[in-house]
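Derivation of every value follows stated rules applied to the coordinates shown; laboratory data play no part. Here the structure is a predicted model, which means the values were calculated and not measured. Methodologically, a virtual Cβ is constructed for each residue, glycine included, from the backbone with ideal geometry; neighbour enumeration extends over all protein chains shown.
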Ligand code: MGP
């Protein structure tokens, strides 16, 4: 029966680009969903209770919309963190995808907060979402920035600390993208060592 059905009537719609970019650009090769987390240090609570999921996204456009909307890392209060992790991996050592892994750690001097911190963090985010680590991008779990009075830190977390080939490839590519000089060395530590360290320094497994 040819009943009139308003929903299926052709309806002139404005050109797509008027409303949104013509083709929301998915990330390369497959649709990785990313999740941004925020940590605010409230010492009356357990560490995990201070960690909050902000939002998830899976297109370049949504990444920039988010990035331009949130506070720059250098403007966060001391004790705060941002973490960007693949959806389904929580930004903590205990997650099954992190527990055998570790991190490439960039430790910054206090004055670098004003000169390099925001650029380093944006470069780190772009390395992740652009999947810049070739065949080892699957090894990446996420990245963390810690805003700390004693000196800020940025790290890329990978899933398997024993994967020397993957870990060192990621470290070399990362260092190059940050534009760090050959003379600067960065170190990789296993989370198991970080979690059980007694002094201030966890043992370094790899250096590039
Ligand atoms: P931090 O926030 O990574 O570094 O860890 P910070 O504040 O610079 O301290 P430092 O020890 O590296 O000098 C601070 C503390 O937060 C740790 O000692 C843990 O108690 C807790 N913590 C940090 N992380 C990443 C985790 C985690 O993944 N799981 C749990 N359970 N606690 C964590």
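Remarks
- Computed helical MRE - 222 nm, the chain, DSSP H runs ≥ 4 contributing -39500 (n - 2.57), nearest 500: -7000 deg cm²/dmol
- Inter-label distance, residue 192 to residue 118: 4.1 nm, where each label sits 7 Å from its Cα along the C-beta direction.
- Residues 89, 106, sorted so that the one with the fewest Cβ neighbours within 10 Å comes first: 89, 106
- Diffusion coefficient of the chain by Stokes-Einstein, Kirkwood radius over Cα pairs, 4 °C, 1.567 mPa s: 69 µm²/s.
- Computed extension gain for residue 201 through residue 99, at 0.36 nm per residue and net of the alpha carbon distance, reaches 34.8 nm.
- Each of 85, 63 was scored by other Cβ atoms within 10 Å of its Cβ. Listed from fewest to most, they are 63, 85.
- Relative packing of 143-153, 198-208, 162-172, which averages over residues the other C-beta atoms within 10 Å, highest first: 143-153, 162-172, 198-208
- Rounded to 10°, Cα long-axis angle of helix 164-178 versus longest principal axis of the chain: 80
- 0 to 90° range, to nearest 10: angle between helix 60-69 axis and the chain longest Cα axis: 70
- Coarse-grained scattering of the range 97-208 at q = 0.10, 0.18, 0.23 Å⁻¹, given as base-10 log I(q)/I(0) from a Debye sum over alpha-carbon atoms: -0.26, -0.88, -1.43
- Kirkwood-type hydrodynamic radius, the range 27-92: 13.0 Å, calculated from all non-identical alpha-carbon pairs.
- Nearest-ten-degree value, helix 117-129 long axis tilted from longest Cα axis of the chain: 60
- Likely footprinting exposure, 34, 93, fewest C-beta neighbours within 10 Å first: 93, 34
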